[in-house]
Amino acid sequence: MVTHSSALDSIDRRITAWLGRHGVMLSRVSLGIIFLWFGALKFVPGSSPAAELASRTIEKVTFGLVPPGPGLLILAGWESLIGLGLLSGRFLRITLLLLAVQMIGTLLPLALFPRETFDLFPIAPNLEGQYIIKNLVLLSAATVVGGTLRGRGLPPEGAVAKANDRTG
């Protein structure tokens, strides 16, 4: 006789197996779509809500050597290239390196322009600050994708905990 517990366990095992087989690829493709889309928007004047703050950040971190217009075009190309790399699955190491550098730049306005990214620093980010902070999720997803580049899949959560217990 099949109990509810064993039936639920069987369903859970099938779902988690599917997630394990497809999760990294779905994360990579989702990241690719986001980067290509947001990068492409920056090529069209007035289309990206992040363009003005991104331009000023680039100008500030380059000490004025890269003016806002060209800086935004460089960023648009950079993000689009990241998106294409993630979508194609090719050159992922360099793509993820570009993504990591871009993410550092993306987070900089929180420190460089706190009056424009927080209503109450550092507790209450405004809409622009929240838009920036959510990039931590993108960075985390990219970390998972990068962690599988050498053919390693995602270990079950319990296996990670057991390995940490043995080494810790």
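The values are calculated or read from the model by the stated rules, or taken from the named source; none is laboratory data. Since we're looking at a predicted model, the values are computed, not measured. When we count neighbours, we look across all protein chains shown, and the Cβ atoms used for this are built from the backbone with ideal geometry, even at glycine.
The residues in segment 31-50 that are surrounded by 20 or more Cβ atoms within 10 Å (Cβ to Cβ) and among the aliphatic types (A, V, I, L, M) can be counted, and the count is 1. Within segment 82-105, the only residue that satisfies the criterion of being surrounded by fewer than 14 Cβ atoms within 10 Å (Cβ to Cβ) and polar (S, T, N, Q) is Ser88. With respect to the conditions (1) under 26 Å from Ser140 (Cα atoms); (2) assigned to a helix (DSSP H, G or I); (3) not aromatic (Phe, Trp, Tyr), Glu59 lacks only one, and its number is (1). Checking the stated criteria, Phe118 turns out to be closer than 23 Å to Glu52 by Cβ, surrounded by 14 or more Cβ atoms within 10 Å (Cβ to Cβ) and either among the polar types (S, T, N, Q) or without any contact (Cβ under 8 Å) to a residue 12 or more places away in the chain (or both). Looking at (1) in contact with a helix residue (DSSP H, G or I) (Cβ under 6 Å, 6 or more places away or on another chain); (2) part of a loop (DSSP other than H, G, I, E, B), find the lone condition where Gly64 falls short. So Gly64 meets the others, but not (1). Show me the helices (runs of 4 or more DSSP H) found entirely inside segment 78-168 where at least 1 residues are under 25 Å from Lys42 (Cα atoms) and either basic (Lys, Arg) or modelled with pLDDT of 95 or more (or both). Where helices (runs of 4 or more DSSP H) fall fully within segment 78-168 and carry at least 1 residues being under 25 Å from Lys42 (Cα atoms) and either basic (Lys, Arg) or modelled with pLDDT of 95 or more (or both), they are 92-107, 109-112, 114-117, 127-133, 135-146.
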